[in-house]
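Here's the structure, in structure tokens; my notes come after.
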Amino acid sequence: MRLLSLQVQDFRNLPAVQLAPSPHATIAVGQNGQGKTNLLEALYFLATLKPLRAGRLSELVRWGASAARVTGRFLLKGAEREISVEVGGGTRQALVDGKKASSLEDYFGGVSVVAFTPDDLEVIKGGPDARRAFLDRAVFNRFPAFLKESREYARALKNRNRLLRDGATVDAAYLDAYDETLARSGARLYARRRALMAELAPRAQ
């Protein structure tokens, strides 16, 4: 994967930026507050659809602007593709080659980034939730189908827990159905995680 070009419009404090990175290494240099980190966050947001630092999507839109947009053109396995993400009104929209993405799997399609920030130390210092989330992001980059599988698991878990809260009024057959779904989808998640760890183990050692 190689980033061929990046366009940023009204993202954070960046009114308009066009960047053609070097095929080797690109270093952002500038004064404090000029937007170096914001430029990197724009690329991260484009590749993950998640803010790197913001708690709300509205924080990504430049003050005084109604919407922000980040577009990148990538070289993936010898073919070029363009993805974009627009933020406005507290919502986001993902685009592939100018058209609304039919699915997240179609949007990501081999595009991945790695960001390392001081907060990532929580993977080691913090609780197991941070480690699972870190691992799951890596698994998704390796196995795109993992996103759908993890959503299926989360949906079944949420529904099962809601039934348990209802207590005695719940038909046991409903719980059995959710238990079966949890076991099946949970086993797939476990297998994906183990497969990635097996690939990483030689390097980690």
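The values are calculated or read from the model by the stated rules, or taken from the named source; none is laboratory data. Small disclaimer: the values here were computed from a predicted structure and weren't measured. Ideal geometry is used to build each Cβ from the backbone, glycine not excepted, and the neighbour counts take in all protein chains shown.
Figures for the structure shown
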read-out: Residue under evaluation Tyr107, criteria (1) assigned to a strand (DSSP E or B); (2) under 21 Å from Leu57 (Cβ atoms), criterion not met; value: (1)
read-out: Given (1) in a helix (DSSP H, G or I); (2) surrounded by fewer than 10 Cβ atoms within 10 Å (Cβ to Cβ); (3) not charged (D, E, K, R), index of the condition Leu135 fails; value: (2)
read-out: Some residue of the stretch 168-183 being within 24 Å of the chain's Cα centre (by Cα), surrounded by 10 or more Cβ atoms within 10 Å (Cβ to Cβ) and either assigned to a helix (DSSP H, G or I) or of a type outside the set (D, E, K, R) (or both); value: yes
read-out: In the stretch 41-68, residue surrounded by the fewest Cβ atoms within 10 Å (Cβ to Cβ) [restricted to those that are assigned to a helix (DSSP H, G or I) and in contact with a Gly (Cβ under 8 Å, 6 or more places away or on another chain)]; value: Ser58
read-out: Pairs, first assigned by TED's automatic domain parsing to the domain that holds Gly33 in the stretch 53-78, second in a loop (DSSP other than H, G, I, E, B) and small (Gly, Ala, Ser), C-beta under 6 Å, six or more apart; value: Leu57/Gly90; Ser58/Gly90; Leu60/Ala54; Leu76/Gly110
read-out: Members of the stretch 107-143 found to be acidic (Asp, Glu) and either touching a strand residue (DSSP E or B) at 6+ places or on another chain (Cβ under 7 Å) or on the phi > 0 side of the Ramachandran plot (or both), listed by number; value: none
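Quick grid of which residues meet (1) more than 15 Å from the chain's Cα centre (by Cα); (2) modelled with pLDDT of 90 or more:
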| position | (1), (2) |
| --- | --- |
| Trp63 | yes, yes |
| Gly72 | yes, yes |
| Arg81 | yes, yes |
| Gly90 | yes, no |
| Lys100 | yes, yes |
| Lys148 | no, no |
| Ala154 | yes, yes |
